[in-house]
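Before any comments, here is the structure.
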Amino acid sequence: MAGLYFHIPFCKQACHYCDFHFSTNQTLKSELVNQLATELSLQKEYLQGEPIETIYLGGGTPSLLTAHELEILFSSIQKNYPVADDVEITLEANPDDLNSQKLNEMKTAGVNRLSIGIQSFDENVLRFLNRAHTATEALGCVDAAHKSGINNISIDLIYSIPGPGQDEETLLKNLTTALSLHPNHISAYSLTVEEKTVFGQWASKGKLMAVEEDQSARQFELVMDALTQSGYQHYEISNYCLLGFQSRHNTSYWKGKKYLGLGPSAHSYNGETRQFNISNNHLYIKSIKNGVVPFELEELTTENKINEYLFTSLRTNWGCDLNYLKEQFDYDLASQNKPYLTQLLAGNLIELRDNTITLMRAGKLLADRIAADLFVEADNN
Ligand code: SF4
């Protein structure tokens, strides 16, 4: 079983914190969709005939696609790939695009899961982030989605937002509002100030201070407590769901399943290599028109594979299986890191049960650091 990811690199406006690949000029959109359909056919051997169990349209802003553009993509998938009967089809949408007509078009095209980029229900915060939608649109879109019959709904929220007024009180209000809408799934991300963004420029000029680590940790705990106490399962550091509503697509990434990424800046993974498509809309279109998928290839070494497994598995509630590391890579993590693991266990940062390491509450605050400390060096196994 495998997944397909589409990168739709267009947005109405640039959010001040975003460093994904996108353009606010949509003149190439329909041409790019045609070339995505062509890329599907050029790459049809990549997944070696494995049935597609998840499809994810991300970006950028896939909710900018018209019914006709969705139809082009889905008919190319049907033509070139075997698709599982219970395929999960997720589309990332922004609240300002979700009117009843658009939602019906998505449903008719086959979309059965929405990931809505709400980020905040606070008008001031939305303006500060330069989001294209209003608080009223954020509030109305989940209801509208339910009415359309797309009932598997995830919403994205952001915390650790720098700037005045982005305090715990605002965050708590946001969480209360989010919970009142009863989404099946909530992704809550800590904002990182990235260099090549408006926030990054402001920070370099001293106009913006990133949120202190302590405050960020407090906000993470606040999110974790509010959501888990309301019945959401904390199944990955940034992801919470009601029982049975995990994102199947993202879970596949974290479990190391194969996927093909299509479009500018999309990545693909087949267990042995990663491919990175060019992050340029114009050059992508030109190359696909010439029958060539423009990507860079990275051969994964054993160390890469172990480190990727450590990084992703430690962020999940199923954890890092030491038997798997031994069987797959002949790597004995426990004996290589005895003093460090003893220290983590003594500090109640991790739990070791059935030869599987999972992070405890305090460890979740340090997930990436703990994984990095356990990484293997090139000649270490
Ligand atoms: S809509 Fe999404 S992809 Fe587009 S700029 Fe904002 S955060 Fe980035």
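The values are calculated or read from the model by the stated rules, or taken from the named source; none is laboratory data. For clarity, every value in this text was computed on a predicted model and none was experimentally measured. As a convention, Cβ positions derive from the backbone with ideal geometry for all residues, glycine included, and neighbour counts pool all protein chains shown. These area figures cover heavy atoms from the full protein model, side chains too; ligands, DNA and RNA do not enter into them. Shrake-Rupley method; radii C 1.70, N 1.55, O 1.52, S 1.80 Å.
Counting only residues that are in a helix (DSSP H, G or I) and either in the same structural domain as SER23 (by TED's automatic domain parsing) or within 21 Å of the chain's Cα centre (by Cα) (or both), the range 307-334 holds 7 of them.
Among the conditions (1) open to solvent by 40 Å² or more (accessible area, probe 1.4 Å); (2) away from the ligand (no atom under 13 Å from the Cβ); (3) modelled with pLDDT of 95 or more, the only one that LEU179 does not satisfy is (1). Consider the range 38-76 and keep the residues that are without any contact (Cβ under 8 Å) to a residue 40 or more places away in the chain and acidic (Asp, Glu). The one that is surrounded by the most Cβ atoms within 10 Å (Cβ to Cβ) is GLU71. Output the residues belonging to the range 297-310 that are surrounded by 13 or more Cβ atoms within 10 Å (Cβ to Cβ) and among the β-branched types (Val, Ile, Thr). The answer is THR302, ILE306.
So which of ASN152, ASN104 ends up being in contact (Cβ under 8 Å) with a residue 40 or more places away in the chain, within 24 Å of ILE77 (Cα to Cα) and buried (at least 18 other Cβ atoms within 10 Å of the Cβ)? Sole residue among the options that is in contact (Cβ under 8 Å) with a residue 40 or more places away in the chain, within 24 Å of ILE77 (Cα to Cα) and buried (at least 18 other Cβ atoms within 10 Å of the Cβ): ASN152. Counting residues in the range 113-131 that are within 17 Å of the chain's Cα centre (by Cα) and β-branched (Val, Ile, Thr) gives one or more. When restricted to residues that are more than 16 Å from the ligand (Cβ to nearest atom), part of a strand (DSSP E or B) and among the small types (Gly, Ala, Ser), the range 57-108 contains 1. Among the residues of the range 196-222, those identified as closer than 19 Å to ARG369 by Cβ and either surrounded by 16 or more Cβ atoms within 10 Å (Cβ to Cβ) or over 21 Å from the mean Cα position of the chain (by Cα) (or both) are ALA210, VAL211, GLU212, GLU213, ASP214, GLN215, SER216, ALA217, ARG218, GLN219, PHE220. Taken across the range 324-346, residues that are touching a Cys at 6+ places or on another chain (Cβ under 6 Å) and touching a residue at least 40 places away in the same chain (Cβ under 8 Å) do not occur at all. With respect to the conditions (1) at pLDDT 95 or above; (2) surrounded by fewer than 20 Cβ atoms within 10 Å (Cβ to Cβ); (3) farther than 21 Å from THR24 by Cα, PRO164 lacks only one, and its number is (1). In the range 280-296 there is no residue matching the filter, namely being crowded, with 16+ Cβ neighbours inside 10 Å, touching a Leu at 6+ places or on another chain (Cβ under 7 Å) and under 24 Å from ALA217 (Cβ atoms).
Name the one entry in LEU40, LEU47 that is assigned to a loop (DSSP other than H, G, I, E, B), more than 16 Å from the ligand (Cβ to nearest atom) and assigned by TED's automatic domain parsing to the domain that holds LYS196. LEU47 is the lone residue from the list that is assigned to a loop (DSSP other than H, G, I, E, B), more than 16 Å from the ligand (Cβ to nearest atom) and assigned by TED's automatic domain parsing to the domain that holds LYS196.
Condition check ((1) on the phi > 0 side of the Ramachandran plot; (2) of a type in the set (Gly, Ala, Ser); (3) within 14 Å of the ligand (Cβ to nearest atom)) across all residues:
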residue	(1), (2), (3)
SER120	no, yes, yes
ALA144	no, yes, no
ASN152	no, no, no
LEU157	no, no, yes
GLN166	no, no, no
LEU171	no, no, no
ASN174	no, no, no
GLN201	no, no, no
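Answer yes or no as to whether ILE285 is out of contact with any Cys (no Cβ under 9 Å at 6 or more places or on another chain) and over 30 Å from GLN166 (Cα atoms). So ILE285 fits the description; yes.
Kindly indicate whether ALA132 is of a type outside the set (Ser, Thr, Tyr), surrounded by fewer than 21 Cβ atoms within 10 Å (Cβ to Cβ) and within 16 Å of the ligand (Cβ to nearest atom). Against the criterion (of a type outside the set (Ser, Thr, Tyr), surrounded by fewer than 21 Cβ atoms within 10 Å (Cβ to Cβ) and within 16 Å of the ligand (Cβ to nearest atom)), ALA132 qualifies. Restricting attention to the range 12-37, the residues that are out of contact with any strand residue (DSSP E or B) (no Cβ under 6 Å at 6 or more places or on another chain), open to solvent by less than 20 Å² (accessible area, probe 1.4 Å) and either part of a loop (DSSP other than H, G, I, E, B) or within 23 Å of GLY117 (Cβ to Cβ) (or both) add up to 2. Checking each residue in the range 352-379 for being open to solvent by 40 Å² or more (accessible area, probe 1.4 Å), closer than 15 Å to LEU310 by Cα, touching a helix residue (DSSP H, G or I) at 6+ places or on another chain (Cβ under 8 Å) and not hydrophobic (A, V, I, L, M, F, W, C) picks out ASN355, LYS364, ASP368, ASP373, GLU377.
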